[in-house]
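Taking it in order: structure first as structure tokens, then the write-up.
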Amino acid sequence: MTKHIRKTKALIEGILRGLEAPADTFTVNQYPYPHESEHDALRGDWKQVGDEIRSVMANDLA
């Protein structure tokens with residue numbers, strides 16, 4: 001009888017794990033945001049773009 005109960009318990013646990021599986025797929029990872037605001041982040045991106053353009057222009061003219 002205990003073998004039958006263990007199989008039933010394993011079956012129920014397997015079904016529950018299967019039902020929980022889609023929830024694992026849609027978990028959202030939280031990563032730290034290194035900027036104070038979105039405006040600050042965009043300003044930094046445009047600064048990098050400007051630095052790259054200046055570097056290319058300096059190498060092209062040299």
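The values are calculated or read from the model by the stated rules, or taken from the named source; none is laboratory data. Note that the coordinates shown come from a computational prediction; the quantities given were computed from them, not determined experimentally. Heads up, the Cβs are rebuilt from the backbone with ideal geometry, glycines too, and the neighbour counts pull from every protein chain shown. Surface areas here come from the heavy atoms of the whole protein model, side chains and all, with no ligands, DNA or RNA. Shrake-Rupley method; radii C 1.70, N 1.55, O 1.52, S 1.80 Å.
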TODO: Which order do the peptides 23-34, 2-13 take when ranked by the mean count of other beta-carbon atoms within 10 Å per residue, highest first?
DONE: 2-13, 23-34
Task: Dipole magnitude of the chain, debye to nearest 20 (Cβ charges: Lys/Arg +1, Asp/Glu -1, about Cα centre) - done: 920
Task: Distance between modelled label sites at residue 12 and residue 48, nm, 7 Å Cα→Cβ extension - done: 5.3
TODO: Count the net charge of all other residues whose Cβ sits under 12 Å from the Cβ of residue 13, scoring Lys and Arg as +1 and Asp and Glu as -1.
DONE: +3
Task: Cα gyration tensor of the chain - equivalent ellipsoid semi-axes, whole Å, descending - done: 60, 15, 7
TODO: Taking only protein heavy atoms into account and a 1.4 Å probe, give the accessible area per residue of the chain in Å².
DONE: 103
- [ ] Whenever you get a sec, compute what percent of the accessible area on the chain sits on carbon and sulfur atoms (1.4 Å probe).
- [x] 61
